[in-house]
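Asks: Mind looking over this structure? Questions follow.
We did not get these values from a lab; they are worked out from the coordinates using the rules stated. Note that the structure is predicted; figures quoted are calculated from it, not measured. So basically every Cβ, Gly included, is an ideal-geometry build from the backbone, and we count neighbours across all protein chains shown.
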Amino acid sequence: MNNKGIFFTFGALFLAMLILALSILGTSTLNQANLRLLEAGSFARVYSLDKSLQRVINNLDEGIDILVITNNDTGNSNITLSETLDTNFEAYNTEFLTNIENLASFIESDEEKIKFNLSLINNETEKVPLIIKPHNIKYTHMMKNNENFIVVYFTESIPSLGFDLTLPNSQVASIDWQNDYPGSDVTFYINATGQNGITYSLEEGLSLAEGDVNKFKVGPTFITVKEGYLELDRANTLVQSTFGASLPYLNDMVTVNYPEGLYKINFTETGIFINSTIRVL
């Protein structure tokens, strides 16, 4: 074979290999493009599902009025959570909990990629917990002898907290500090109004050292304050309660949320997973 034939053969072989390589590259690029389109579509779908679910759940009335006022100069905030306690633990907030159970059943039957974990907000010992971030305060409702107690788990970064109470069916003649551990760990306040319309007030600095348990009697109700813990025992009477706290600025805005993971969205085929954080306020 002469040189021209050899060059021609190698040239033809090189051209064939080039065409094959370009074909493989084009197929790979097309497959990657299709995968990106699939992922983009899944991201858009998951985002839409998540936002829609958050709006629907946020519109359900959990019976707690929440107010946050922030000082624009300092960033510090004051928060209040107000509600009426007039039932035992078993009957507490049944309308809201029934509504969210019905919603979860409907959504799970329609979309298999969404799963709810309602035990986070309704179980044998706790109902409707709310998480205040970034301070990681937990405002919740705990069962003791089937009574409904408001319980607040708080951090030492809170300078002051307390309750405004109205007891329309009960006599309030004083606020009795039964176990007193004065100190400077937190400023605690109570404003209590009984059926006669007279308001009694107390504001004291408390010690939250380990073992120091401050107890207050307000009419028939009892309040306990200790390290990282605040409890209101309504003593089976009608109570209109407003919990309040002063929150120092912690480099983020104050939000109120249900516990993380109330529902999960899982698209296994594209590796997209959302562990929900539903903001109430």
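Asks: Could you line up 253, 142 from fewest to most neighbouring Cβ atoms inside 10 Å?
Replies: The most exposed by this proxy come first: 253, 142.
Asks: Divide by every residue of the chain the summed helix terms, -39500 (n - 2.57) for each DSSP H run of at least 4, and state the resulting mean residue ellipticity at 222 nm, rounded to the nearest 500 deg cm²/dmol.
Replies: Mean residue ellipticity, 222 nm, calculated: -9500 deg cm²/dmol.
Asks: If you take the charge dipole of the chain about its Cα centre, with +1 on Lys and Arg Cβ and -1 on Asp and Glu Cβ, which of 100, 81, 64 is farthest toward its positive end?
Replies: About the Cα centre, the residue reaching furthest to the positive side is 100.
Asks: Distances over 15 Å make up what percent of all Cα-Cα pairs in the range 132-173?
Replies: 61 percent
Asks: Roughly how tilted is helix 94-110, in degrees to the nearest 10 and between 0 and 90, from the longest Cα axis of the chain?
Replies: In the chain, helix 94-110 runs at an angle near 10 degrees to the longest axis.
Asks: Of all chymotrypsin sites (Phe, Trp or Tyr not before Pro) in the range 204-281, which ones are in loop regions per DSSP and have a Cβ with at most 15 other Cβ atoms within 10 Å?
Replies: Answer by residue number: 249.
Asks: Hey, with R₀ at 22 Å, roughly what FRET efficiency would residue 160 and residue 235 work out to, going by the Cβ-Cβ distance, to 0.05?
Replies: 0.30
Asks: For Cα Rg over 2.2 N^0.38 Å, one of [x] 1.44; [y] 1.01; [z] 1.59 was computed from the structure I shared and the rest are decoys. Which label?
Replies: [z]
Asks: Another question about this same structure. What angle, in degrees between 0 and 90 and rounded to the nearest 10, separates the Cα long axis of helix 3-58 from the longest principal axis of the Cα atoms of the chain?
Replies: Around 20 degrees separate the two axes.
Asks: Residue 184 versus residue 74, label points 7 Å from Cα toward the beta carbon: distance in nm?
Replies: Here the modelled spin labels are 1.7 nm apart.
Asks: Would you look at the GNM of the chain, springs on alpha carbons closer than 10 Å, and say which of 198, 175, 265 moves the most?
Replies: Answer for the Gaussian network model of the chain: 198.
Asks: Shifting gears a bit: For the chain, with a Gaussian network of springs between Cα atoms less than 10 Å apart, report the residue from 56, 225, 152 with the top mean-square fluctuation.
Replies: Checking each option, the largest mean-square fluctuation is seen for 56.
Asks: Are there any GluC sites (Glu not before Pro) in the range 164-270 that are in a DSSP loop and have at most 16 other Cβ atoms within 10 Å? List them by number.
Replies: The qualifying sites are 210, 227, 260, 269.
Asks: So how do 135, 141 line up by other beta-carbon neighbours within 10 Å, fewest first?
Replies: Neighbour counts put them in this order, fewest first: 135, 141.
Asks: Give the span of the range 92-232's Cα atoms along each principal axis, as three whole-Å numbers ordered largest to smallest.
Replies: On the principal axes, the range 92-232 reaches 55, 35, 25 Å in Cα extent.
Asks: Under 16 Å Cα to Cα from residue 51, which lysines show up? Leave out anything in the same chain fewer than 8 places away.
Replies: List returned: 113, 115, 264.
Asks: Can I ask one more? Given the options 228, 75, 271, which has the most mean-square fluctuation in a GNM of the chain, springs set between C-alpha atoms less than 10 angstrom apart?
Replies: 271
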